[in-house]
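Okay, structure first, notes after.
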Amino acid sequence: MPRLGTSIRISAALAVAMAVTVSATSAASATRATTLNGAGSTLIAPALAVWGPAYAKTTGVEVNYSGIGSGGGIAAITAKTVDFGASDAPLNPDQAAACSDCVQIPWALSATVPTYNIPGLHSGQLKLDGPTLAKIFLGEITKWNDPAITALNKGTSLPDMAITVAHRSDGSGDTYAFTDYLSKVSPTWASKVGPAATAVNWPTGVGGKGNPGVAAIIASTPGAIGYISVAYVKQNKLNWTQMKNADGNYTLATGPAIEAAAQLVKSVPADNKMSIVNPPADAKFKNAWPLSTFTYVIVHTSSSQAQALRKFIFWALTPKAQHLISNSFLVFAPIPKVVLVAAEKTLTKVH
C-alpha cells in the first residue's frame, strides 16, 4: 500500500507539474498572440495609426508600429527584431537574399507628392511635368521663375527666388517611388543618378529624416520643394503640386487618381513587385496620378507569430479595413482585385 500511495502521489505531482507547464506555455502563447510589433515605412504609418486601434477593439490584439523608414523596416524584419516590416519599396535581390524566408505582401495603395513652399502660391497652383521636376532635383533649375517652370504656369506669377530641394536622408520607400518616376521620365536622371532606389546620391538639396523631417524642411523654408507621402501633405497643410501625366493632363494625388494609376496592373508577378509610376498615354489613365505606389508588409514565412500575423494582415486587406484609410484625410485608395488575390495567396505561405 505505501508503494501504491507513493505512486499516486508521484503521479499527482507530475500531473500538477504538467498542468503548470501547459498553463505557462499557454500564457506565453497568449502574450505573443496579443501583441504584434512592426516597423518601417512612414507612408503606411498613418494607416496603421487607424488600423491598430480598430483591430485591437475588434480582436484584443495590440499592434505596435514605429515609422522608421522603409530601409529601417527591411533591416528590422531581416534581423527578426520585429514581427513585421513595412516598405513602399519592394525588396531588391540582396535584401531578398538576406531575408531569405521573407515574403512581401501589398496591403495598401497610396502616393508620393511633390510639395512646395512658394510665397503667394497656394495649394494646386503650381504645375510641373516629369522632365522639369527631374531638372529641379538634378540642380539644373535653381530659380522658381526659370523659363521651363514659367512655361508650364502661364498666367501665374512666379518669384525670382532660389529653389531649395528637400529629400530624404534615410532609406525610404517614398524615395524609391520618386526616383522610379524620375528615372522613367528623364534619361539624364537615369544616367547621372541611376534607377529606382531607397537611397541615392542626391546631386543637390538638404535631407530630412522620414516624411515628418522632409515636411518640416518644406514648411520652414520659403522656396523649398520636396516629396512626401500624400497623408503628410494633408496633415501638415502643405501645398499640393499638379503633375502632368503621360496622357497630357494635370492631376492631383486624390484617391480616384491613385486608383486610376493602379489599373496599370494586369497581373502580379510571383514576388509581388509592382511599379505603377508614370502610366502610359491612354484614355483610361487620363486622370492617373503619376507617382502612385503600392506599399508592402514584409514577414517571415516561418514565425512563432504566424497565426496572429495572418489574421491581422488578412483583416487589413478586407474591404472594411481598406475603407478605414480610403478617405480624404489619409488618401489611400482601395487595392485592385487582381492585387488583392495575389496578396491573399502569398499570405497562405506564412506558417
| request: Multiply the residue separation of Ala281 and Ala216 by 0.36 nm, subtract the distance between their alpha-carbon atoms, and state the gained length in nm to one decimal. | output: 19.9 nm
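Of the cross-linked pairs Lys184/Lys234; Lys143/Lys244; Lys154/Lys192; Lys57/Lys311, which ones have a Cα-Cα span greater than 23 Å in the structure shown?
Beyond 23 Å: Lys184/Lys234; Lys154/Lys192.
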| Taking a point 7 angstrom from the Cα of Ser191 along the C-beta vector, which residues in segment 117-131 have backbone N less than 17 Å away? | 131
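Quick check for me: using +1 on Lys/Arg Cβ and -1 on Asp/Glu Cβ, what's the dipole size of segment 31-113 about its Cα centre, in debye to the nearest 20?
With Lys and Arg at +1 and Asp and Glu at -1, about 200 debye.
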| query | Expressed as an acute angle from 0 to 90° and rounded to the nearest 10, what is the orientation of the C-alpha long axis of helix 2-33 relative to the principal long axis of the chain? | reply | 10 degrees
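Based on the Cβ-Cβ distance of Ala98 and Lys57, what FRET efficiency does E = 1/(1 + (r/R0)^6) give at R0 = 45 Å, to the nearest 0.05?
On the way: r = 36 Å, r/R0 = 0.80.
Efficiency computed from Cβ-Cβ geometry: 0.80.
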| said: If I take every Cα pair under 8 Å that is 6 or more residues apart in segment 111-292, average their sequence separation and divide by the length, what percent do I get for the relative contact order? | reply: 30 percent
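Mind ordering 206-219, 48-61, 247-260 by average Cβ neighbours within 10 Å, highest first? List each step's numbers first, then the result.
Working: 206-219: 20.5, 48-61: 15.5, 247-260: 18.5.
Peptide ranking by packing, descending: 206-219, 247-260, 48-61.
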| task | Select from Gly255, Thr58, Gly155 the residue farthest towards the positive end of the dipole of the chain; place +1 on Cβ of Lys and Arg, -1 on Cβ of Asp and Glu, and compute about the Cα centre. | result | Thr58
| task | Please report, in debye to the nearest 20, how large the charge dipole of the chain is about its Cα centre when each Lys and Arg carries +1 at its beta carbon and each Asp and Glu carries -1 there. | result | 760 debye
| message | For the chain, I need the span (max minus min coordinate) of the C-alpha atoms along each principal axis, in Å, sorted largest to smallest. | response | 106, 39, 36
| To the nearest 10 degrees, how steep is helix 210-220 against the longest Cα principal axis of the chain, on a 0 to 90 scale? | 30 degrees
| task | Quick one: which residues, 5+ away or cross-chain, put their amide H under 5 Å from the amide H of Ala224? H built at 1.01 Å from N. | result | Asn117, Thr164
| remark: DSSP beta bridges in the chain: the antiparallel percent, rounded to 5, is 60 percent
| message | Under a crude label model (7 Å from the Cα following the beta-carbon direction), how far is Ser304 from Val338 in nanometres? | response | 4.1 nm
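Readers should treat all values here as calculations from the given coordinates under stated rules, not as data from a laboratory. A quick note: this is a predicted structure, and the numbers were derived from the prediction, not measured. Methodologically, a virtual Cβ is constructed for each residue, glycine included, from the backbone with ideal geometry; neighbour enumeration extends over all protein chains shown.
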